[in-house]
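The values are calculated or read from the model by the stated rules, or taken from the named source; none is laboratory data. What you see is a predicted model, and the numbers here were worked out from it, not measured in a lab. All Cβ positions, even for glycine, are placed from backbone atoms using ideal geometry, and neighbour counts span all protein chains on display.
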Amino acid sequence: MSEARMLGRFEREEAGVRHIFPLSVYWEDTDAGGIVYYANYLKFIERARTDMLRGLGINQQRMMTEEGANFVVRACEIEYLRPAIMEDELEIITRVTDLRGASLRMAQDICRDGVRLVETKVRIACLDADGRPQRLSSAINEKFNAMIGQGALPAKTVAGEE
């Protein structure tokens with residue numbers, strides 16, 4: 001099975017690396033007034049996290065079948081600041097903010113033209129096949145540490161770096 005194509009990009013910033021995922025708002029994402037339906041923002045940030053994992057070389061399907069490990073959302077806090085509307089071009093900016101043995105925290109902002117529309121804080125847990133916490137593998141831990149500025153991402157992961 002071939003690796004899925006990544007749509008977003010990584011950018012270095014002062015405190016590490018952030019992932020930026022572009023997203024267009026379609027009719028199906030909106031309510032009758034053309035405003036993004038509130039629950040769809042959760043789908044948007046999920047897509048961005050999946051794309052970020054792909055870019056880090058983490059294949060979730062392989063992780064489940066080969067290691068018996070799975071990422072799940074443990075908690076999510078969301079604040080709606082401004083609405084997105086049909087035809088908007090958005091960016092979901094994801095930062096890893098904290099890393100623990102079997103979990104990590106991320107901040108994910110949804111922006112339009114540099115203006116923050118939605119702020120989220122998400123706690124992700126790694127579980128084994130029986131639903132119990134499982135420590136992140138050293139390879140995955142290393143990739144997330146690089147995002148918070150405690151290591152290096154593979155060459156060509158970050159835009160403009162070789």
If I filter the range 72-82 for residues that are of a type outside the set (G, A, S), in contact with a Lys or Arg (Cβ under 7 Å, 6 or more places away or on another chain) and closer than 25 Å to V115 by Cβ, do I get at least one hit?
yes
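Give the residue, chosen from A129, A159, A155, that is at pLDDT below 95 and either among the hydroxyl-bearing types (S, T, Y) or touching a strand residue (DSSP E or B) at 6+ places or on another chain (Cβ under 7 Å) (or both).
Numbers: A129 fails: either among the hydroxyl-bearing types (S, T, Y) or touching a strand residue (DSSP E or B) at 6+ places or on another chain (Cβ under 7 Å) (or both); A155 fails: either among the hydroxyl-bearing types (S, T, Y) or touching a strand residue (DSSP E or B) at 6+ places or on another chain (Cβ under 7 Å) (or both).
On inspection, the qualifying residue turns out to be A159.
Residues in the range 38-46: is at least one surrounded by 20 or more Cβ atoms within 10 Å (Cβ to Cβ) and either among the polar types (S, T, N, Q) or more than 16 Å from K121 (Cα to Cα) (or both)? Spell out how you get there, then give the answer.
So the first thing to find is which residues in the range 38-46 are surrounded by 20 or more Cβ atoms within 10 Å (Cβ to Cβ), and the list is 41, 44-45.
Retained after the next criterion (residues that are either among the polar types (S, T, N, Q) or more than 16 Å from K121 (Cα to Cα) (or both)): none.
The answer is no; no qualifying residue exists.
So which of G34, G8, G68, G16 ends up being small (G, A, S), in contact with a helix residue (DSSP H, G or I) (Cβ under 7 Å, 6 or more places away or on another chain) and on the phi > 0 side of the Ramachandran plot? Give the steps one after another, and end with the answer.
Values: G34 fails: in contact with a helix residue (DSSP H, G or I) (Cβ under 7 Å, 6 or more places away or on another chain); G8 fails: on the phi > 0 side of the Ramachandran plot; G68 fails: in contact with a helix residue (DSSP H, G or I) (Cβ under 7 Å, 6 or more places away or on another chain).
Criteria check complete, one pass: G16.
Name the one entry in F71, F44, F10, F21 that is in a helix (DSSP H, G or I) and not β-branched (V, I, T). Don't jump to the end; show me each part of the working.
Values: F71 fails: in a helix (DSSP H, G or I); F10 fails: in a helix (DSSP H, G or I); F21 fails: in a helix (DSSP H, G or I).
Sole residue among the options that is in a helix (DSSP H, G or I) and not β-branched (V, I, T): F44.
Take the residues in the range 106-142 that are of a type in the set (K, R) and under 14 Å from the mean Cα position of the chain (by Cα); name whichever of them is nearest to P22 (Cα to Cα).
Residues of the range 106-142 that are of a type in the set (K, R), as a first pass: 112, 116, 121, 123, 132, 135.
Restricting the remaining residues to those that are under 14 Å from the mean Cα position of the chain (by Cα) gives 121, 123.
On the way: K121: 19, R123: 22 Å.
Taking the candidates together, the pick is K121.
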Going through (1) at pLDDT 95 or above; (2) touching a Pro at 6+ places or on another chain (Cβ under 8 Å); (3) within 25 Å of R135 (Cβ to Cβ) one by one, G57 fails only at (1)
Qualifying residues in the range 2-33 (those that are under 15 Å from E91 (Cα atoms) and among the aliphatic types (A, V, I, L, M)) - the one surrounded by the fewest Cβ atoms within 10 Å (Cβ to Cβ):
L7
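For every residue, the table says whether it meets (1) at pLDDT 95 or above; (2) part of a strand (DSSP E or B); (3) among the aromatic types (F, W, Y); (4) more than 20 Å from Q60 (Cβ to Cβ).
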{"position": "P83", "(1), (2), (3), (4)": "yes, no, no, yes"}
{"position": "A107", "(1), (2), (3), (4)": "yes, yes, no, yes"}
{"position": "I110", "(1), (2), (3), (4)": "yes, yes, no, yes"}
{"position": "R116", "(1), (2), (3), (4)": "yes, yes, no, yes"}
{"position": "A139", "(1), (2), (3), (4)": "no, no, no, no"}
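Would you please name the residue that is surrounded by the fewest Cβ atoms within 10 Å (Cβ to Cβ), looking only at residues in the range 80-112 that are of a type in the set (K, R) and touching a strand residue (DSSP E or B) at 6+ places or on another chain (Cβ under 8 Å)?
R82
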Is the range 68-79 home to any residue that is touching a strand residue (DSSP E or B) at 6+ places or on another chain (Cβ under 8 Å), among the polar types (S, T, N, Q) and surrounded by 15 or more Cβ atoms within 10 Å (Cβ to Cβ)?
yes
